[in-house]
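**Student:** Sharing a structure, written as structure tokens. Questions coming.
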Amino acid sequence: MDLQRGLAIFMILWGLATTSLGLFKVPFLWNIGKIQGFVQLIGETGTRIFTSVLGLAALIGGVLLL
């Protein structure tokens, strides 16, 4: 496996995880201190939108790298 394919797979998996965090608010990940810091900074809805958009961008980037 070359570097580009490995990076693409990593980005796809990370994008899926981040998107699912934003859409479903998974409790064991949502209660992490850094996520709660974002919630205090930009609000719960803003954090959900931010993580969803970031996850979708990583997912699309990973698919384009394949």
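**Student:** Can you name every one of the helices (runs of 4 or more DSSP H) wholly within the chain that holds 3 or more residues which are surrounded by 13 or more Cβ atoms within 10 Å (Cβ to Cβ)? Before you say what the answer is, go through the steps one by one.
**Tutor:** Details: elements: 3-24, 27-30, 33-65.
By residue number, 3-24, 33-65.
**Student:** Kindly provide the set of residues from segment 8-27 that are within 18 Å of ILE49 (Cα to Cα) and among the hydrophobic types (A, V, I, L, M, F, W, C), ordered by number. Walk me through it before giving the result.
**Tutor:** If we filter segment 8-27 for residues that are within 18 Å of ILE49 (Cα to Cα), which is where we start, we get 14-27.
Correct list: TRP14, LEU16, ALA17, LEU21, LEU23, PHE24, VAL26.
**Student:** Only one of LEU64, LEU13 is within 11 Å of the chain's Cα centre (by Cα) and not hydroxyl-bearing (Ser, Thr, Tyr); which?
**Tutor:** Working: LEU64 fails: within 11 Å of the chain's Cα centre (by Cα).
Checking each option against the conditions leaves just LEU13.
**Student:** Note down all Cβ pairs under 9 Å where the first residue falls in segment 47-59 and is closer than 8 Å to THR19 by Cβ, the second is surrounded by fewer than 16 Cβ atoms within 10 Å (Cβ to Cβ) and hydroxyl-bearing (Ser, Thr, Tyr), and they're at least six residues apart or on different chains.
**Tutor:** That search, which allows pairs on different chains as well, returns GLY55/SER20.
Rule-based calculations on the coordinates, nothing more; no lab input. Computed from a predicted structure; not experimentally measured. Neighbour counts are summed over all protein chains in view; Cβ atoms, including those assigned to glycine, are modelled from backbone coordinates with ideal geometry.
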